[in-house]
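Take a look at the structure below.
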Amino acid sequence: MQKMYMTHPIFPTPNIKRTAEFYVKNLEFNAVEYLNCAEPHICLYKDDIEIILTDSKGKSVITNREQYGYGYDAYIIVDNQEELQKEFDSKSLKIVKRLSVTDYNNKELVLEDVDGRWLGFGVKLDTKFKRRN
């Protein structure tokens, strides 16, 4: 089987520039615009993360929790969540779930972005979990 390396969530958004600005200003992503392409989009980069913003043609964002009753819209593996939570607090960002250990044994916190998406920032604590290489 071929190895899979990473994933890049795709976020349709009604105001692509406003969403990009949120990620750049608050989460320190770098934005690269491809707005004059057949499929206009903006790529957001930070460390090994890439988020792709697309134009929803004015349609509002329907989050996973709205559509299915629960779930985050992206999950980002991080360490030192304590510092991350302090950073989010210092920027008055909307933390919807403060740092805690979940019933599925992840240490995580959850942030709401400008479009209402929930972004989980966490790490698996269960030692039985091993990432395949």
Taking the range 1-44 and keeping only residues that are out of contact with any Leu (no Cβ under 8 Å at 6 or more places or on another chain) and among the polar types (S, T, N, Q), one is left with Gln2, Thr7, Asn15, Asn36
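Would you please name the residue that is surrounded by the most Cβ atoms within 10 Å (Cβ to Cβ), looking only at residues in the range 4-55 that are assigned to a loop (DSSP other than H, G, I, E, B) and free of Cβ contacts under 8 Å to residues at least 12 places away in the same chain?
Initially, the range 4-55 is screened for residues assigned to a loop (DSSP other than H, G, I, E, B), giving 4-9, 14-15, 28-29, 35-40, 47-48.
Keeping just the survivors that are free of Cβ contacts under 8 Å to residues at least 12 places away in the same chain gives 4-5, 7, 15, 36-38, 47.
Numbers: Met4: 7, Tyr5: 6, Thr7: 10, Asn15: 15, Asn36: 6, Cys37: 8, Ala38: 5, Asp47: 9.
Among them, the one singled out is Asn15.
Quick grid of which residues meet (1) at pLDDT 95 or above; (2) of a type in the set (S, T, N, Q); (3) under 28 Å from Gln2 (Cβ atoms); (4) under 18 Å from the mean Cα position of the chain (by Cα):
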| residue | (1), (2), (3), (4) |
| --- | --- |
| Phe29 | yes, no, no, yes |
| Pro40 | yes, no, no, no |
| Asp115 | yes, no, no, yes |
| Arg132 | no, no, yes, no |
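Give Asp79, Asp115 a once-over and let me know the one that is surrounded by fewer than 13 Cβ atoms within 10 Å (Cβ to Cβ), touching a residue at least 12 places away in the same chain (Cβ under 8 Å) and not assigned by TED's automatic domain parsing to the domain that holds Ala20. Talk me through it step by step, then tell me what you get.
Values: Asp115 fails: surrounded by fewer than 13 Cβ atoms within 10 Å (Cβ to Cβ).
Only one candidate qualifies: Asp79.
The values are calculated or read from the model by the stated rules, or taken from the named source; none is laboratory data. Not measured: the values here are computed from a predicted model. Note that we place each Cβ from the backbone using ideal geometry, even for glycine, and neighbour counts take in every protein chain shown.
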